[in-house]
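The values are calculated or read from the model by the stated rules, or taken from the named source; none is laboratory data. Note that the structure is predicted; figures quoted are calculated from it, not measured. Note that each Cβ is placed from the backbone with ideal geometry, even for glycine, and that neighbours are counted across all protein chains shown. Note: areas computed on protein heavy atoms with side chains; ligands, DNA, RNA excluded. Shrake-Rupley method; radii C 1.70, N 1.55, O 1.52, S 1.80 Å.
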Amino acid sequence: MATEYGNRLRAAYKHAGLTQKGLANRVGMSQPSLSELMSSGQGSVKTVQLAEACKVSARWLATGEGEM
């Protein structure tokens, strides 16, 4: 089950037209690591990179506040 962070991350990569694997490749992590982050994580040291890769706000990705 995805966390709120995971749900925002899923929305972000879909918004960018990416798959989990595509996003993971862009930020230098494995797809299983990204999947684990989505299901149990509350954030990541890679949040800024993930947001940039998806062309969304890092603040929104991290907290859900503000515009995507």
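Details
- Filtering segment 1-11 to residues that are outside any helix (DSSP H, G or I) and open to solvent by 40 Å² or more (accessible area, probe 1.4 Å) leaves only Met1.
- Filtered residues of segment 12-62 (kept if open to solvent by 30 Å² or more (accessible area, probe 1.4 Å), polar (S, T, N, Q), part of a helix (DSSP H, G or I) and under 16 Å from Ala2 (Cβ atoms)): Gln20, Gln31, Ser33, Ser35, Ser39, Ser40
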